[in-house]
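Below is one structure; the comments refer to it alone.
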Amino acid sequence: MITLSPTAALRQRAARLRREGVQVFDFSAGELDLPTPAHVVTAAIDAARRPENHRYGPTGGETRLRQAIANRLAPRTTTALDDSNVLVTNGAKQALFNTFMALLEPGDEVLIPAPYWVTFPSSVRLAGGSPVIVQPSAGELKITPDNLEAARTPSTRAMVLCSPNNPTGMVYDASELRALLTWAAEHGVWIVSDETYVDLGFRPVPAPGQVEPGVSDRLITVGSVSKSYAMTGWRVGWMSGPKKVIDAAAAVQSHTTSNVGRIAQAAALAALTGPDVTAEFRAVLRDRLTACQAVLEPLGLFRTPPDGAFYVFPDIRAFAPDDVTVADRLLDAGVITVPGASFGAPGHLRLSFAIAEEDLRRGLSTMAELLDGRAA
């Protein structure tokens, strides 16, 4: 059964607390608090004035945007890309749904490394597949080929990679990534690479298509402008890969949402081809990560600093064995976190530091006081 995303449910609880007059420090948000860049908004306003943008557009997306995405992805692969290898979707979530609808037959299994983004298993189920959660070795937050092999069955069709990872912020280095891709190639497994946070890496993020070119004919790359350009509400994402898969996914989209709003596509084109704002965003996030470190490290909660994205994922089992209970206690104090159990990693909490710095510091302080008073 498909249920409401845990983060969506937490947003609802946060809104209720605010209505009740409770001061809320929301660490559950998966979006930057920064505004969409001005030149992107201007492009959307200009597009809204053109009557042709008030009508249906091509299901697969505007050609100029598809080509801009192909150009953006080209340095991360050794395979030639053009607009025919790209489908514009309503955010990365629809890209994942389309991908699994195009790839899977009922009963096909998809290997999903834990910790995982909450939407991965549901996307597989919606497409009639079976998600198989792959746990890393004890004490680790990354999987290895041995972990994958232990989970493989004759029904294994695909595997998901997410680097930088949500919820951990971890990045697979080139050697780690190559080992996983070599395993996938040996067993004919499709790779679905979620690169939503790739522009928010604090160090270079190796690309599957560069690290192991031999997997390109079984590689689907998913991304969006949501995180890198503070455009979560614009709902523009994409999938890229072999043309036969893109064509099949476009057919799925033609029967679900059809084209992405043309005004939002114009905004996304401006984001991808205009001034680069991602360096500025990364600098802001680094400062906020430093603020997290200052509070969490003395508590022993900063042992695995993230390599990218805007999450920290501390192991809180020294304070209490049940992350859901800890999250509830924090919620009572007005601090909203996401239990690690939601991501297949009990004993952890996900904290987003993509919030205003004053709220970040005050929320962290409240959290530290509560945890320190219950330390084992």
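Here is the figure for the stretch 89-99: residues that are out of contact with any helix residue (DSSP H, G or I) (no Cβ under 6 Å at 6 or more places or on another chain) and not in a helix (DSSP H, G or I) total 1.
Conditions (1) over 20 Å from the mean Cα position of the chain (by Cα); (2) within 24 Å of SER224 (Cβ to Cβ); (3) outside the structural domain of VAL236 (by TED's automatic domain parsing), marked per residue:
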position: VAL88; (1), (2), (3): no, yes, no
position: VAL134; (1), (2), (3): no, no, no
position: GLU149; (1), (2), (3): yes, no, no
position: LEU161; (1), (2), (3): no, yes, no
position: PRO167; (1), (2), (3): no, yes, no
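Residues that are of a type in the set (D, E, K, R), in contact with a Phe, Trp or Tyr (Cβ under 9 Å, 6 or more places away or on another chain) and farther than 19 Å from THR290 by Cβ within the stretch 336-376 comprise ASP372, ARG374, listed in sequence order.
Which one of ALA102, ALA74, ALA80 is part of a helix (DSSP H, G or I), in contact with a helix residue (DSSP H, G or I) (Cβ under 9 Å, 6 or more places away or on another chain) and of a type in the set (Gly, Ala, Ser)?
Values: ALA74 fails: in contact with a helix residue (DSSP H, G or I) (Cβ under 9 Å, 6 or more places away or on another chain); ALA80 fails: part of a helix (DSSP H, G or I).
Checking each option against the conditions leaves just ALA102.
Of all residues in the stretch 105-125 being under 13 Å from the mean Cα position of the chain (by Cα) and in a loop (DSSP other than H, G, I, E, B), which is surrounded by the most Cβ atoms within 10 Å (Cβ to Cβ)? The qualifying residue surrounded by the most Cβ atoms within 10 Å (Cβ to Cβ) is PRO115. Look through the stretch 253-283, keep the residues that are hydroxyl-bearing (Ser, Thr, Tyr) and not in a loop (DSSP other than H, G, I, E, B), and return whichever of them is nearest to PHE310 (Cα to Cα). Looking at the filtered set, the residue picked out is THR278.
ARG66 meets the stated requirement of being touching a strand residue (DSSP E or B) at 6+ places or on another chain (Cβ under 6 Å) and basic (Lys, Arg).
Among residues of the stretch 197-223 being crowded, with 23+ Cβ neighbours inside 10 Å and not β-branched (Val, Ile, Thr), the one that is nearest to ALA70 (Cα to Cα) is GLY223.
Take the stretch 307-325 and flag every residue that is of a type in the set (A, V, I, L, M) and farther than 18 Å from ASP372 by Cβ. Result: ALA309, VAL324.
Each row is one residue, and each column tells you yes or no for (1) of a type in the set (Val, Ile, Thr); (2) closer than 24 Å to ASP173 by Cα; (3) touching a strand residue (DSSP E or B) at 6+ places or on another chain (Cβ under 8 Å).
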| site | (1), (2), (3) |
| --- | --- |
| GLY300 | no, no, no |
| PRO306 | no, yes, yes |
| PRO321 | no, no, no |
| ASP332 | no, no, no |
| GLY347 | no, no, yes |
| THR366 | yes, no, yes |
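If you go through the stretch 60-71 one residue at a time, how many are part of a helix (DSSP H, G or I) and not polar (S, T, N, Q)? Even if it seems obvious, please write down each step before you answer.
As a first pass, look at the stretch 60-71 and keep what is part of a helix (DSSP H, G or I): 63-71.
Restricting the remaining residues to those that are not polar (S, T, N, Q) gives 64-66, 68-70.
Number of matching residues: 6.
Can you name the residue in the stretch 349-363 that is surrounded by 20 or more Cβ atoms within 10 Å (Cβ to Cβ) and either farther than 14 Å from ARG329 by Cα or not assigned by TED's automatic domain parsing to the domain that holds LEU299 (or both) and, of all such residues, is farthest from the chain's Cα centre (by Cα)?
Out of the qualifying residues, it is LEU360.
Could you check, for the stretch 243-252, whether at least one of its residues is closer than 28 Å to GLU52 by Cα, touching a Ser or Thr at 6+ places or on another chain (Cβ under 8 Å) and either among the small types (Gly, Ala, Ser) or not in a helix (DSSP H, G or I) (or both)? Full working, then the answer.
Initial filter on the stretch 243-252 (closer than 28 Å to GLU52 by Cα): 243, 246-252.
Checking which are touching a Ser or Thr at 6+ places or on another chain (Cβ under 8 Å) leaves us with 243, 246, 249-250.
So of that shortlist, the ones also either among the small types (Gly, Ala, Ser) or not in a helix (DSSP H, G or I) (or both) come out as 249-250.
Yes, the conditions are met somewhere in the stretch 243-252.
Taking the stretch 284-306 as the search range and keeping residues that are assigned to a helix (DSSP H, G or I) and basic (Lys, Arg), which one is surrounded by the most Cβ atoms within 10 Å (Cβ to Cβ)? Once the filter is applied, the top-ranked residue is ARG288. If you take the residues of the stretch 323-350 that are free of Cβ contacts under 8 Å to residues at least 24 places away in the same chain and among the β-branched types (Val, Ile, Thr), which of them is nearest to PHE120 (Cα to Cα)? Among them, the one singled out is VAL324.
When you check THR290 against the structure, is it over 23 Å from ALA8 (Cα atoms), of a type in the set (Val, Ile, Thr) and in contact (Cβ under 8 Å) with a residue 60 or more places away in the chain, yes or no?
Numbers: over 23 Å from ALA8 (Cα atoms): yes; of a type in the set (Val, Ile, Thr): yes; in contact (Cβ under 8 Å) with a residue 60 or more places away in the chain: no.
No: the conditions fail for THR290.
Beta carbons closer than 7 Å, at least 6 apart along the sequence or on distinct chains, pair a first residue in the stretch 205-228 that is closer than 17 Å to LEU177 by Cα and assigned by TED's automatic domain parsing to the domain that holds PHE120 with a second that is of a type in the set (Lys, Arg) and not in a strand (DSSP E or B) for ALA207/ARG76; GLY209/ARG76; GLN210/ARG76; VAL211/ARG178; GLU212/ARG178. Looking only at the stretch 139-196, residues that are surrounded by fewer than 19 Cβ atoms within 10 Å (Cβ to Cβ), outside any loop (DSSP other than H, G, I, E, B) and among the acidic types (Asp, Glu) come to 4 in all.
The values are calculated or read from the model by the stated rules, or taken from the named source; none is laboratory data. Here the structure is a predicted model, which means the values were calculated and not measured. We place every Cβ from the backbone using ideal geometry, glycine too, and count neighbours over all the protein chains shown.
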